[in-house]
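Colleague: So that we are looking at the same thing, I have put the structure below in structure tokens.
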Amino acid sequence: MRMFDPVLWRFIGVGMVNTLLGLGVIFAARPFVGFARYLPTIAAGYLANLLTLGIGLGLTNAYVAQTAAILSHVTVTYVLSRHFVFREHECSQQK
């Protein structure tokens, strides 16, 4: 493996950008979200993605499986965020 492999550096760059964006969202949401609720929500979305992808790859082509996996992640994360993570915050605003 070469030290200046462009694919390696692109991989590292994308990973760093992804990490920075993820941390930015987490830090920006922290005042509004109880992290004890947020982290399991993200984990459940990730698990839904993995399970859907694993099942989908056995049933259909990779494009359909990946699309279904992303949709499952978004759906699980939204539902749990809406009804579990932000529940307390919304209730305090409605009073």
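Rundown of residues vs (1) among the charged types (D, E, K, R); (2) surrounded by 10 or more Cβ atoms within 10 Å (Cβ to Cβ); (3) free of Cβ contacts under 8 Å to residues at least 24 places away in the same chain; (4) within 26 Å of V85 (Cβ to Cβ), yes/no style:
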site	(1), (2), (3), (4)
M3	no, no, yes, no
W9	no, yes, yes, no
V14	no, yes, yes, no
F27	no, no, yes, yes
F32	no, yes, no, yes
F35	no, yes, yes, yes
L51	no, yes, yes, yes
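Colleague: On to the next question. Within the range 23-44, track down each residue that is within 16 Å of V79 (Cα to Cα) and in contact with a helix residue (DSSP H, G or I) (Cβ under 6 Å, 6 or more places away or on another chain).
Modeller: V33, R37, Y38, T41, A44
Colleague: Can I ask one more? Which ones in the range 43-64 are farther than 28 Å from I26 by Cβ and of a type in the set (A, V, I, L, M, F, W, C)?
Modeller: Step one: list which residues in the range 43-64 are farther than 28 Å from I26 by Cβ, which gives 55-64.
Selection gives I55, L57, L59, A62, V64.
Colleague: Next up: Quick one: which of L47, L20 is without any contact (Cβ under 8 Å) to a residue 60 or more places away in the chain, within 19 Å of H73 (Cα to Cα), aliphatic (A, V, I, L, M) and part of a helix (DSSP H, G or I)? Walk me through it before giving the result.
Modeller: Values: L20 fails: within 19 Å of H73 (Cα to Cα).
Going through L47, L20 in turn, just one is without any contact (Cβ under 8 Å) to a residue 60 or more places away in the chain, within 19 Å of H73 (Cα to Cα), aliphatic (A, V, I, L, M) and part of a helix (DSSP H, G or I): L47.
Quick note: the coordinates plus some simple rules give every number you see, no bench work behind them. Worth saying up front: this structure is predicted, and the values here are computed from it rather than measured. Cβ sites come from the backbone with ideal geometry, for glycine too, and all protein chains shown count toward neighbours.
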